[in-house]
Amino acid sequence: MFQPIMFTLRASVVPFQLLRPLPTVFASVQGICGEEHLPEMPAPVREEFDSHLNCIAEMVNVLSEMKALPPAEQQKLSQMIIELKGAKPENLCEKTSLFNRGLEEVCQKQKTAIKEECRAHPFVFRDTYRNTVRVKKLCLIFQDEPTERITSLQDVLCQRCYYDVETRSEESIRSEPVKSDFVIYTPSQPAGEVYFDGMPKAGIPLLLMIDLGKSMEDCSIADLRRVFRHQQNNIDVLYSPFPPIRLFQKIDIAYIQNMYKMGKGPSIQI
């Protein structure tokens, strides 16, 4: 069986904007082609898979309208996307691999024109992404202590990863619905003792993450023990710096993996 070329697209060839929707697509396919060999995608996964393919198709159309893609290349990629959306489970891996190769080949042939338009119109592609995929309403990031790093992280999530992010108080997050991809706040209790008793019962899925405030290389033995305790409580850890591609890959893949795990709507814990 073909295995999809997961995350081997060259960022030097395929621009960031076209890479952005792909982790969700690849993770959705991996759930079918991986060790589990599931017969089909659960409905919520299928919705994410289709919407992110639609996003890529829209971005390809935008590049065509900007004259960065010749009509023949636009039609080639659009047809590959249609075939990938309609592929039977047993053909998903092969169709994914073919699409990856086709996307990289087109981006290589039209490298200068595509990169120039992506640099010149970054907000067009961000808006295309936000208007095509649904708000996740699942990720809650919190820190041990408030620092200026929260601004840096929020900027990366919003400007580079295309997430909707808001900062809220602990009281409001317990009493008001989550309407964004991420809510950032500082808990009143020490990290590791925050269990959000009311929110899981209310059906608000969460991705619990702690900003450790340093790079992995700077972690002491005590820091690593903290990391282990957090992981035991299904709380993931963010290290500095925050490279955008790795950040949204990590988040989007976890989102889809948990959809597969639950077999229904999103309920994230890493």
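Here are some notes:
- If you check THR128, THR112 for being buried (at least 16 other Cβ atoms within 10 Å of the Cβ) and either within 24 Å of CYS161 (Cα to Cα) or of a type in the set (Gly, Ala, Ser) (or both), only one passes: THR128.
- Answer from LEU92, LEU69 - the residue that is closer than 30 Å to GLY34 by Cα and either buried (at least 17 other Cβ atoms within 10 Å of the Cβ) or in contact with a strand residue (DSSP E or B) (Cβ under 9 Å, 6 or more places away or on another chain) (or both): LEU92
- Residue check for ALA43: aliphatic (A, V, I, L, M), within 17 Å of the chain's Cα centre (by Cα) and exposed (fewer than 15 other Cβ atoms within 10 Å of the Cβ): no
- Residues being among the basic types (Lys, Arg) and either more than 23 Å from THR151 (Cβ to Cβ) or at pLDDT below 75 (or both) - total across segment 170-194: 1
- Failed item, numbered, when ASP155 is tested on (1) assigned to a helix (DSSP H, G or I); (2) surrounded by fewer than 16 Cβ atoms within 10 Å (Cβ to Cβ); (3) modelled with pLDDT under 90; (4) more than 18 Å from the chain's Cα centre (by Cα): (4)
- Against the conditions (1) surrounded by fewer than 16 Cβ atoms within 10 Å (Cβ to Cβ); (2) more than 28 Å from MET262 (Cβ to Cβ), LEU98 satisfies every one except (1).
- Residues being among the small types (Gly, Ala, Ser) and assigned to a helix (DSSP H, G or I) - total across segment 158-181: 2
The values are calculated or read from the model by the stated rules, or taken from the named source; none is laboratory data. Nothing here was measured: the structure is a model prediction, and the numbers come from that model. Methodologically, a virtual Cβ is constructed for each residue, glycine included, from the backbone with ideal geometry; neighbour enumeration extends over all protein chains shown.
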